[in-house]
Amino acid sequence: MTAAALGLALGTDYFMKDLWARRTTETAGVISANVPSHGVALYRLSPDANPTAAPPNATIALTGPSNMTPGQPVTATETFADNGDLAALRVNLGLRAPSGWSVTPTSPTSPTSFAAVETGQTVRATFEVLAPAGRRDVHGLAHNGLARGGDLRRLQRPVSSARQDRW
């Protein structure tokens, strides 16, 4: 969704205040949130005359199979998008998995760390995920059992910008 789709002025940056997490980010017009499955988010938008006053709004997504066969590798992809007016700095993508599982980055041309993700830019990292052989409870765990290493809902400081570092 965009600010324009809500009838807000084009070419204006906005503060996005998460009313439940009490966190504010800035956006260049894209309105997007990290919301868990069956979750809800509530934001207050207000014009932003100084985009350095808040970190850039960013979204992160994890895609992959919902079911796995123990001992058979699958591919999971983590995607990070910078919706703010400023670059997101020091972005690290990664996955956490249950004990005994293995997670390995799969493409040397697709790094998992990015010095900066520019405004409107999306970056991806792919991983091979392997549940140990003999495990019976992997149905549903393939997606739910993996946690995004850069999960914005869990990190105190998810991204930073070149011009702002206090939050």
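Where a number appears in this text, it was derived from the coordinates with a stated rule and is not lab data. Here the structure is a predicted model, which means the values were calculated and not measured. Here the Cβ positions follow ideal geometry from the backbone for every residue, glycine too, while neighbour counts run over all protein chains shown.
Worth a mention:
- For region 80-133, a residue qualifies if it is among the hydrophobic types (A, V, I, L, M, F, W, C), under 20 Å from Pro65 (Cβ atoms) and within 13 Å of the chain's Cα centre (by Cα), and the qualifying residues are Leu93, Leu95, Ala125.
- Restricting region 92-106 to residues that are of a type in the set (Ser, Thr, Tyr) and surrounded by fewer than 12 Cβ atoms within 10 Å (Cβ to Cβ), the residue that is farthest from Pro132 (Cα to Cα) is Thr104.
- If you filter region 47-59 down to residues that are polar (S, T, N, Q) and closer than 13 Å to Asp85 by Cα, you find that the one that is farthest from the chain's Cα centre (by Cα) is Asn50.
- Scanning region 30-46 for residues that are within 25 Å of Ala116 (Cα to Cα) and touching a residue at least 12 places away in the same chain (Cβ under 8 Å), we see that the one that is nearest to the chain's Cα centre (by Cα) is Asn34.
- On the stretch given as region 7-25, residues that are surrounded by 11 or more Cβ atoms within 10 Å (Cβ to Cβ) and more than 20 Å from the chain's Cα centre (by Cα) total 3.
- Of note, Thr2 does not satisfy the criterion of being more than 22 Å from Gly94 (Cα to Cα), of a type in the set (Val, Ile, Thr) and crowded, with 16+ Cβ neighbours inside 10 Å.
- Residues in region 6-20 that are under 26 Å from Leu62 (Cβ atoms) and touching a residue at least 24 places away in the same chain (Cβ under 8 Å): Met16, Lys17, Asp18, Leu19.
- Members of region 26-68 that are farther than 21 Å from Ala9 by Cβ, of a type outside the set (A, V, I, L, M) and surrounded by 16 or more Cβ atoms within 10 Å (Cβ to Cβ): Asn34, Pro55, Thr59, Gly64
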